[in-house]
Every structure is written in structure tokens, then in C-alpha cells.
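A short worksheet on the structure shown next.
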Amino acid sequence: MTTRIERHHYDVVVIGAGGAGLRAAIESRLAGKRTAIISKSLFGKAHTVMAEGGAAAAMGNVNSNDNWMVHFRDTMRGGKFLNNYRMAELHAKEAPLRIWELETYGALFDRTKDGKISQRNFGGHEYPRLAHVGDRTGLELIRTLQQKIVSLQQEDKREYGDYEARIKVFSETTIIDLLLDGDRIAGAFGYYRESGEFVLFEAPAVVLATGGIGRSYKVTSNSWEYTGDGHAMALRAGATLINMEFIQFHPTGMVWPPSVKGILVTESVRGDGGVLRNAEGRRFMFDYVPDVFRKHYAETEEEADRWYTDPDNNRRPPELLPRDEVARAINAEVKAGRGTPAGGVYLDIASRLPAEEIIRRLPSMYHQFKQLADVDITKQPMEVGPTCHYIMGGVEVDADSAAALGRVKGLFAAGEVAGGMHGSNRLGGNSLSDLLVFGKRAGGHAASYVDQLPARPKVRVEDVEALVDVALAPLNRDTGENPYTLQQDLQAVTGDLVGIIRRKEELEEALVRLAELRERVAKVSAPGGRRYNPAWHLALDLRNMLLVAECTARSALEREESRGGHTREDFPEMRPEWRRINIVCSLDGDRVVLKHKPVPKMRNDLLQLFDRAELEKYLTDEELAEYDVAVASGEITSSAEAALRGEA
């Protein structure tokens, strides 16, 4: 081989430097493993910094009635009972520990009057649960985890004389693909974005923490890194993806001016009292409370407003419904002709709080709208609309170890790239605590996996040469399409045909057009050299984006119901039989294959946290009959509230 390749040897390679990746790397290093952190962007610029509202953890600092069981119940409700219940259970139990741990690392959370970590209301959460730092919580999380890594490097300097002896960050580095030795991970191959030089990481364990897929959509809150790299690499390595049809369109993204369309407007605005109004000035969310949530949400503006000061005796405002419900409601208002001039609705906090309080609680939002839209949110309402924000689907993992399922060993996944935890819809705030809980688990189990290996897998030279050819192909083509044109065409397919509202004919058309795009992407051209060539970078990202888009479209066509982040206009209702089915994607050669797999059955001690009347909305008749037998035999208490109090 004549192409120069830089080589490194590590025990664990973590691909992604957001919250999940950093927490995984910390755990791997604490277990004594030589660990590499691969950051596609500059270190410290991972998309986690855009998470504004807070991290959900049932610490009970603001309302002592909160506990892990209530958090678990809220998470299952938000995911419409399609969640991997074990992941939701672990998350609810361990989230408080991870938040308190962040404090020991130096995190500076906002405080209550008695000095505890402050917690705010958020959509779908029964109690104030989100630990926060104003509306810049993700930024503080990344700062804190980075500082912990620096402290570990200082320890290594004292012990080994080298800051990077056991943990090193590779910034602005993109991984093209994973390398295998049989069915085991042997390493990862990529390039430095600045120089274009290739780099090979030989390692028996890889943790994927690459985030989401939002750049496949034109209107998105996601940063440029989110091109589905981890999802696609996992598929090609032999792992499986689960429930890729479920994409969350956050209800509140900026809609004006066009240059900033899609940028996130934090749910904290609604959690702190903001209300949604249509162009007629009416609070329309009262018209869109679904039957499954009607018992928990206010029916009048007066009751909704009282909830902020007396939550024990009033029901929640419908603006705090789960995100999928709010996004569909906004979409319906705009479609009915009651939208704003820019095609959104109004989000009003100016009439709800004093100006100084808005600036104190929502400093980032105040500056964001002032600088980008010339809107003073202390005096004017914001124009907002749905934006592609998060994918609930992802790598199918073992709940306890975060190990990828399928035909590959030594691969782990945490954060948004992993599927199952959030079911069909994620609650706001659960993402940051998810990163911490499963980042720790992935890093720890990756280290344990390395310890148990009898021998390190070997990278084959021919596999590396094949990836070099893949990487150089766009540079070597004199003819071929521009990658930016191809990305725009891909975004048109996903936005127009695989968006918030889906139909059979449009999904079938999407698959035809994606197949055409696959042929075009195979001939993409990126003229110029390897040294910082963004067109070349995008050309390589496109194959990942295209593969993930196909998984989403095929899964959306397969699931003939509406649930959470998947709405079929031709199948508008939730169907209990589909709640029992996970749709699993795998690759057969280069062909995406789907199969049905049963959703894990929830244990009785968790099932009893829900009243039968609520379960009737989700479970099949067969499951309800089993529930009744369990109640009659005393295995399950018939009172969910008694179960929450530990009286079961």
C-alpha cells in the first residue's frame, strides 16, 4: 500500500465526543483501559451543547412526591409503551446518581432556595424534574465532562509522564467505517478533516456515540455532524437497527428568518409558562389533548395557569404534552390556515413573566432571538414550528451492557445512536440523563469485554485497502454529481415524503427515489485534494445518510399505525397489536432487510405502576386478560398509586 496511514493502538475507541461519548470514555479510562475519543468536530463543539432545558432525574428536590417509579411511568407513557422497559427502568433509577456525580466533577447547577439542585417542569413529566443551568445545560454538561477528562490526563501525567498515556482526544477526525476480524471488532478507519490524511485505530472494542440523523432533513435543529454515521457503520458491521421510523419533530424550532429555520427553541420556554397561540390569538392546544392523556391535562386556561403555582390541585397545561402531540397540533393549525405569516405559530412568554425573569431563566433564548431574528422575547411572541430534532430508533442494544445486538461482538452504543430507551417518542430532558446513564454503562462494559478476550482481533490489510479505495473514489472521478446537489435532493425526499405526516403512496415513492439517489451517490464527485475539502467530506457522509434514510422509509411503510414520532395518515390510530412489535433493520449484502421482533414483556412489578384504565389504551385483549389474572392472584396490585407508595 502506497497511501500513508497513521496507526494507533487502543483498548477502547469511543466515536463521538458528546455527552455519551465523554462519559463512556471516562468510564473506560477509570477501568484502566487505553482510550481514544474521536471527535468529528472541534472538541467541545459536540451537538450536546445545544441541549438547553435540562437533564431529567427524579431527585425530588422541588416536589418530594417524585421518584424513579413516577419517572419510569412518564417515560413509558411518552414512548407509547413501545420502550424497552428495562432501559427505561435503569434510566429512571440511575439518572439521579449520574447528576449528583456531575456535581462531584464540578458541574454548577441552578439551585433552589435551600441550596439543592433546582429542577424545572417539562413536557410529559409529572413533576419538576429537569436539573438545569439556565437554558444552557448541555453546554455545562460538556464543560464538566471535558474537565473530568483533563483531570484524568493530569493524573496520567503524574504517573506516566504523558498526559495522553491512557486517554487521548482526536479532534476533527471522521471515522469512515469499522473493521472486523470475523465477527469481532478489530478497529476503525478514518481521516483527519484538516489534512485529509488517513488514520487507523486498532482496538478490540468500539463505543458508538455519534448522535442522530437530522442532516438528512432540510429543516432540522441538528448540527452538521448528524449524518447517521454510527447507525450506518453499525449496520455495515453486522449490527441491527430498531424502530427507525420514529423521528421526533420538536414542536418549536425557529421559522424566521429563513437562514435560521429549524434552530431549536427550548421546551423550557413552555416549562416556565410560555403558551402557544395561533394567528387568531387563541391557545389552541386545548383542542388537541388525546384521550390517552385527557385525565392529566387541564381543560381550561384558568386551570392550566393555576397549575404553575398549585400543581397538586390542578392539571397540567396542554402546552406540556409530549413533543409528538404538540408538533402534530402545530402542523394541523398551520394546515388549517391559522398559522403565522412565516408558517408557524406564536410562542408567548412576554405576557407571562416579567422581562428580568425571562432574561434570568432563558438567557440563551433571549440572545438567540435578538441576534438572529431581531425579536425581543420579553416584549414580543416568537414564531415557531416543527423541526427534525431526534431519532428514537437506533442501534439495537442489550439494555444492561449497551452491547450492540446482531452478528458483531465488541461494539457498544449509547445516546441517540442507540435505540429502544425512548420507545416511539422521547420526553424532553431524558436525552441528557440517557447520555450519562448509558454512556457510563457502555464504557464500563466495553472495558470488561476487552478484559475477557483471549486474544486481540487483527485488522486485515485488504480491508484497510478497500476502505482507502472507497474514500478516494469521489476525488478520483472527473465526472459525477456535486455532493451538495445530492444532499439537497435527499433532503427533499425525506422532508416531502417521510416527514411528520406519512402516507403509503408517498413512502413507496420515497423508496423509488432513494434507490435512484443510491445510483447517483455511487458516482459522486468531489474535485480537489484531500486537504480540508468539505465537498469530499459530504460525499463520504452521503452513503451513511442514504442508508439511514432508506431504513426510516422502509420501517415507516411497514408500521401500519400512528404512534409517537410516526404518524400515518392512512392508519391514524394506535393499534395494540403493533405495540408488541419492534421493526428491526439489518443488511443482507447491500440490501436493507426488515423483520418483526417482539417487544420485551414488562415485569409485573413495573406493570402495576399503571391503572388498568390506562393500560386498556395500549395493551391487546390477550395482555389485559393476563393482567387480570395477575391481579386476581395477588401478583399485581390493582392500585397504581398504592404501588407508587410501595404498598403493593
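Rg and Dmax of region 3-79, based on Cα coordinates, read 18.1, 62 Å. Of all lysines in the structure, the ones whose alpha carbon falls short of 17 Å from that of Lys601, not counting any fewer than 8 places away in one chain, are Lys80, Lys617. On region 1-131, 50 percent of the accessible area sits on carbon and sulfur atoms, based on a 1.4 Å probe. Can you compute the FRET efficiency between Glu197 and Arg456 using 1/(1 + (r/R0)^6), with r the Cβ-Cβ distance and R0 = 25 Å? Round to the nearest 0.05. Here the calculated transfer efficiency is 0.50. For Asp162, the shell of other residues with beta-carbons less than 15 Å away shows a net charge of +2, using +1 for Lys and Arg and -1 for Asp and Glu. In terms of the mean number of neighbouring beta-carbon atoms within 10 Å, the peptides 437-446, 348-357, 10-19, 223-232 order highest first as 10-19, 437-446, 223-232, 348-357. Take the convex hull of the alpha carbons in the chain; its mean projected area over all directions comes to 28.7 nm². If R0 is 35 Å, the Cβ-Cβ spacing of Ser64 and Trp224 corresponds to a FRET efficiency of close to 0.25.
For the chain, the relative contact order is 19 percent, taking Cα pairs closer than 8 Å that sit 6 or more residues apart in sequence and dividing their mean separation by the residue count. Highest mean packing first, where packing is the average number of other Cβ atoms within 10 Å per residue, the peptides 622-633, 520-531 line up as 520-531, 622-633.
A simple spin-label model places pseudo-atoms 7 Å from Cα toward Cβ; at Ser448 and Glu626 they are separated by 2.7 nm. Packing here is the average count of other Cβ atoms within 10 Å per residue, and on that basis the peptides 430-436, 564-570, highest first, run 430-436, 564-570.
Restricting region 112-204 to trypsin sites (Lys or Arg not before Pro) that sit in a DSSP loop and have at most 15 other Cβ atoms within 10 Å of their own Cβ leaves Lys113, Lys116. Surface listing: Met285, Met50 arranged by accessible area from highest to lowest gives Met50, Met285, probe 1.4 Å.
Under the simplified labelling scheme, the Arg518-Glu481 pair shows an inter-label distance of 1.5 nm, with each label point 7 Å from Cα along Cα→Cβ. For region 371-449, give the percent of accessible area contributed by carbon and sulfur heavy atoms, probe 1.4 Å, rounded to a whole number. That share works out to 47 percent. Annotation: per residue accessible area for the chain equals 37 Å², rounded to a whole number [probe 1.4 Å, protein chains only].
Computed with every protein chain present, the accessible area of Glu573 is close to 120 Å² [probe 1.4 Å]. Between the listed residues Leu472, Trp256, Leu178, the Cα displaced farthest toward the positive end of the dipole of the chain, a dipole computed from Cβ unit charges relative to the Cα centre, is found at Leu472. Of the chymotrypsin sites (Phe, Trp or Tyr not before Pro) found in region 289-386, those that fall in a DSSP loop while having at most 15 other beta-carbon atoms within 10 Å are Tyr308. When the solvent-accessible area of region 547-613 is split by element, carbon and sulfur atoms take up 50 percent of it, the probe being 1.4 Å. Across the options Ala188, Phe286, Asn243, the greatest Cα extent toward the positive end of the charge dipole of region 172-330 (unit charges at beta carbon of Lys, Arg, Asp, Glu) belongs to Phe286. Extending 7 Å from Cα along the Cβ direction at Asp588 and again at His367 yields two label points whose distance is 5.3 nm.
Pairs exceeding 26 Å between alpha-carbon atoms, taken from Lys33/Lys148; Lys218/Lys335; Lys116/Lys261; Lys40/Lys409; Lys93/Lys148: Lys116/Lys261.
Loop-located GluC sites (Glu not before Pro) across region 161-195 with a Cβ neighbour count of 15 or fewer within 10 Å are Glu164, Glu194, with loop assigned by DSSP.
Close amide H pairs (under 5 Å, H built 1.01 Å from N) link Ile176 with Phe189, Gly190, Tyr191, residues at least 5 positions away or on another chain.
The values are calculated or read from the model by the stated rules, or taken from the named source; none is laboratory data. Keep in mind it's a predicted model, so treat the numbers as computed, not measured. All Cβ positions, glycine included, derive from the backbone under ideal geometry; neighbour counts span all protein chains shown. Heavy atoms of the whole protein, side chains included, go into the accessibility calculation; ligands, DNA and RNA do not. Shrake-Rupley method; radii C 1.70, N 1.55, O 1.52, S 1.80 Å.
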